[in-house]
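The values are calculated or read from the model by the stated rules, or taken from the named source; none is laboratory data. Only a predicted model underlies this, so the values are computations on that prediction, with no experimental measurement involved. Cβ coordinates were reconstructed from backbone atoms using ideal geometry, including for glycine residues, and neighbour counts include every protein chain displayed. Ligands, DNA and RNA are stripped out before the accessible areas are found, and what is left, the full protein with its side chains, is counted by its heavy atoms. Shrake-Rupley method; radii C 1.70, N 1.55, O 1.52, S 1.80 Å.
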Amino acid sequence: QGQLRESGGGSVQSGDSLKLSCATSEGTLSSYFMAWFRQAPGKDRKFVAAVDITGDNAYYADFVKGRFTISKDNAKNTLYLQMNSLKSEDSAVYYCAANQWATVQPTSFRSWGTGTQVIVSA
């Protein structure tokens, strides 16, 4: 629980990389299940990746497996999403979210950032 703030979005070309960051309140990463979601215009918000409280287990949507990596640095209170080999279909607003239990359902998440936009051009 607390403030979440995404950063690192931008406009890139297909095949490029971006690293998103989510700044969290102190103690958030050691207390909550964290996830990244994305939402393209006119589309539903979709699960992208998640990491558990221990940091030992990561989960990915099929469409990002092998390209995206979720990680966190508890000391820096920051959640990350490394995005490689970006495709035009990755274009969306990316959100980080926190919840008290493991889930991929966006409606279950307790706290959300306001998002950072990623635009990938061919």
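Out of 73, 56, 52, 16, one residue alone is out of contact with any Phe, Trp or Tyr (no Cβ under 7 Å at 6 or more places or on another chain), acidic (Asp, Glu), at pLDDT 95 or above and farther than 18 Å from residue 121 by Cα. It is 73. When the range 72-115 is filtered for residues that are within 17 Å of residue 21 (Cβ to Cβ), aliphatic (A, V, I, L, M) and under 15 Å from the mean Cα position of the chain (by Cα), the ones remaining, listed by number, are 79, 81, 83, 86, 92, 93, 97, 98. Only a single item in (1) within 27 Å of residue 121 (Cβ to Cβ); (2) open to solvent by 30 Å² or more (accessible area, probe 1.4 Å); (3) touching a strand residue (DSSP E or B) at 6+ places or on another chain (Cβ under 8 Å) is not met by residue 85, and it is number (3). When each of 75, 50 is tested for being without any contact (Cβ under 8 Å) to a residue 60 or more places away in the chain and either closer than 16 Å to residue 111 by Cα or open to solvent by less than 50 Å² (accessible area, probe 1.4 Å) (or both), the lone residue that passes is 50. Looking at 17, 30, 11, just one residue is open to solvent by 40 Å² or more (accessible area, probe 1.4 Å) and closer than 16 Å to residue 67 by Cα, and that residue is 17.
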